[in-house]
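Report on one structure; see the data block that follows.
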Amino acid sequence: MNILITGGAGFIGSHLCEKLLADNNRIFCVDNLFTGSYDNIRHLESNQNFKFIEHDIIEPLFLDEKIDQVYNLACPASPIHYQENPVRTIKANTIGVINMLGLARRHNARFLQASTSEVYGDPDVHPQVESYRGNVNTIGPRACYDEGKRVSETLCFDYRRMHGMEIKVIRIFNTYGPRMAFEDGRVISNFILNALKDENLLIDGDGSQTRSFCYVDDLVDSITKMMNSDIDFTGPVNLGNPNEFTIKELAKKVIELTNSKSQLIFNGEFREDDPMQRQPDISLAKKVLDWEPKIELEEGLIKTIENFKIRLKI
Ligand code: NAD
Ligand code: UDP
């Protein structure tokens, strides 16, 4: 199959490119390298089934080769990056998604949109089920991303209603693993970097806020299962690992696994609109996709720490 992956030079996208290449597909990897890096895909360039196209999805894209499937992952994903230019974030999730839906429509291709647990905002239903409509602040600093992703879902369903397109919507929960960007401020990359350097781990608030972390290989497996699921199963479907940890527990685990001398420093203040609890209910994915994550946090952290050590040459 000919498969277009936008955001393919990013963290999750590069793992997806790898898996789909290994499955003998031709991959067209589109990325503007805003938060991604060519280093994430350099090892794929010698494969004749891999083609990199530097392009911003906010601009229309025309490809001569017939595309069978589009995975749309292009969007800055960490708070510091998506807040750097919030209007661009909104454009990626609206104009960019329209451009990629348009491309998929011209090619009669199946389209998968990477949405997020952020569509639930700071949830007052726990764990989060797909039918929960969320608690998002429309005017806060996270809104460019949260509301952007909500519109991206809407667009998929409108294209399906208007044009009969085959669409799939996934809501990804916090994912981690090798190739996470060092400088994107996400909790796992920050903690591992600091712990490896014996620097203190800075915890927002009192560290009681929770997240549920999914290892990237598990996530990529679920994404491809969703893309190739029954035509009538559109989602949205939650994809993530339901094992929930407080940020304080995570910090202690990282210190233990790195044998670090780092201390925990609590700054006492939560980030604005920070979700206090996040845990996916993955019953739907289990039932329809016959999928559940296999890699526990400790095992995934060990693999991620090894990758960080190699990249830091420690
Ligand atoms: P990432 O930043 O590593 O990857 C995003 C990629 O998209 C980068 O390579 C970036 O350069 C590219 N990009 C950004 N804007 C673009 C544009 N306008 N045109 C072309 N390329 C563009 O982040 P990631 O963690 O790999 O996230 C991938 C997708 O998964 C994103 O859509 C994100 O919203 C979603 N997601 C990720 C997580 C997570 O925990 N990692 C959670 C929920 C949702
Ligand atoms: N966080 C923290 N210290 C850090 C980075 C993040 O305490 O160095 C907290 C952050 O306030 C949030 C949680 O960890 O409560 C997850 O943050 P991240 O940016 O990784 O993801 P998101 O908030 O988008 O889930």
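Descriptive notes on the structure:
- Length added when fully stretched, Leu312-Thr138, from 0.36 nm per residue minus Cα-Cα: 58.7 nm
- Probe 1.4 Å, all protein chains present, accessible-area order of Asp204, Asp124, largest first: Asp124, Asp204
- Karplus 3J(HN,Hα) series, Hz, for region 123-134 with 6.51 cos²θ - 1.76 cosθ + 1.60 (x for Gly, Pro): x, 10, 10, 9, x, 7, 9, 4, 6, 6, 8, x
- Region 256-314 shape via C-alpha gyration tensor axes, a/c threshold 1.5: oblate
- Accessible area per residue for region 63-159, computed on protein heavy atoms with a 1.4 Å probe, is 40 Å².
- Lys197/Phe266 FRET efficiency (R0 22 Å; Cβ-Cβ; nearest 0.05): 0.70
- Among Ser260, Ser212, Ser117: highest mean-square fluctuation, GNM of the chain, C-alpha pairs under 10 Å: Ser260
- Full extension of the segment from Asp124 to Asn108, taken as 0.36 nm per residue of separation minus the current Cα-Cα distance, would add 1.8 nm.
- For region 82-96, putting each phi into the Karplus relation 6.51 cos²θ - 1.76 cosθ + 1.60 with θ = phi - 60° gives couplings of 6, 8, 4, 9, x, 5, 5, 4, 5, 4, 4, 8, 10, 4, x Hz, in residue order, rounded to whole numbers and with x for Gly and Pro.
- Full extension of the chain between Arg161 and Asp274 yields a length gain of 37.3 nm, computed as 0.36 nm times the residue separation minus the alpha carbon distance.
- Computed E for Asp206/Asn85 - FRET, C-beta separation, R0 35 angstrom, nearest 0.05: 0.65
- Protein accessible area in region 78-202, 1.4 Å probe - carbon and sulfur %: 50 percent
- Stretch in the chain that is longest and holds no GluC sites (Glu not before Pro) that DSSP places in a loop and that have at most 16 other beta carbons within 10 Å: 85-182
- Centre-to-centre, using Cα atoms only, region 182-204 and region 103-139 are separated by 28 Å.
- Over region 21-172, the Kirkwood radius and the radius of gyration, each from Cα atoms, give a ratio Rg/Rh of 0.98.
- When the trypsin sites (Lys or Arg not before Pro) in region 173-222 are filtered for DSSP coil states and for at most 14 other beta-carbon atoms within 10 Å of their beta-carbon, the remaining sites are Lys197.
- Between helix 297-312 and the chain: long-axis angle, C-alpha atoms, 0 to 90°, nearest 10: 90 degrees
- Long-range HN-HN contacts of Val237 with modeled amide H, under 5 Å: Val169, Ile170, Arg171
- Chymotrypsin sites (Phe, Trp or Tyr not before Pro) within region 183-276, DSSP loop, no more than 13 other Cβ atoms inside 10 Å: Phe233
- Residue-normalised accessible area of region 167-309, expressed per residue, 1.4 Å probe, Å²: 41 Å²
- Mean projection of the Cα convex hull over all viewing directions, computed for the chain: 15.0 nm².
- Dimensionless Rg/Rh of region 146-274 - Kirkwood Rh, Rg from C-alpha atoms: 1.08
- Rounded to the nearest 10 degrees, the inclination of helix 187-196 to the longest alpha-carbon principal axis of the chain is 50 degrees.
- Spacing of the two label points (7 Å from each Cα toward its C-beta) at Thr246 and Glu183, in nm: 3.4 nm
- Sparsely packed chymotrypsin sites (Phe, Trp or Tyr not before Pro) within region 48-100, loop by DSSP, other Cβ within 10 Å at most 13: Phe62
- Once the Cα atoms are used to define both axes, helix 247-258 deviates from the longest principal axis of the chain by about 80 degrees.
The values are calculated or read from the model by the stated rules, or taken from the named source; none is laboratory data. Quick caveat, the model's predicted, so the values are computed rather than measured. Using ideal geometry, Cβ is built from the backbone for each residue, glycine included, and neighbour counts are taken over all protein chains shown. Remember, those area values only see protein heavy atoms, side chains included, never the ligands or the DNA or RNA. Shrake-Rupley method; radii C 1.70, N 1.55, O 1.52, S 1.80 Å.
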